Amino acid sequence: MNKSLNRRLAAAEESVKKTMTFGIEVITIFGCLPQPLMYAESGGRGWRREATESHEQFEKRVVAGAKAAGLRSVIIGGLPPDFLDPESLERFLARCNFSGVPPEEESPIPKRRR
């Protein structure tokens, strides 16, 4: 590459780096489970929503924690992360009534032997 193109590419890369440090991308997963959003995670870190926190307060706390840790994005919602409480998914499923879901059935197709 010629020197002019290298300089322009370096300037573009530097510009992207600067704009990425100003904010944190927040991905919120709504509607997948019949419960309030109680968990957030990013970069191996996890947050649990306090019973007295509104969603907005929880998001502010999570974003502040992610910024302090130098993270660039957080995910709020979804299935409970294992590192917060390994039993939480089992407890959640035990207390939910999935009446519209039929029980698991055996497949009429025989399994192949290997």
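Rule-based calculations on the coordinates, nothing more; no lab input. Note that the structure is a prediction, hence the values are computed from the model and not measured. Neighbour counts run over all protein chains shown; Cβ positions are idealised from the backbone, glycine included.
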(message) I want the local charge near M38. Using Cβ-Cβ distances under 9 Å, sum +1 for each Lys or Arg and -1 for each Asp or Glu among the other residues.
(response) +2
(message) Taking 0.36 nm per residue of sequence separation and subtracting the Cα-Cα distance, how much length would be gained by fully extending the chain between S4 and E50, in nm to one decimal?
(response) 11.2 nm
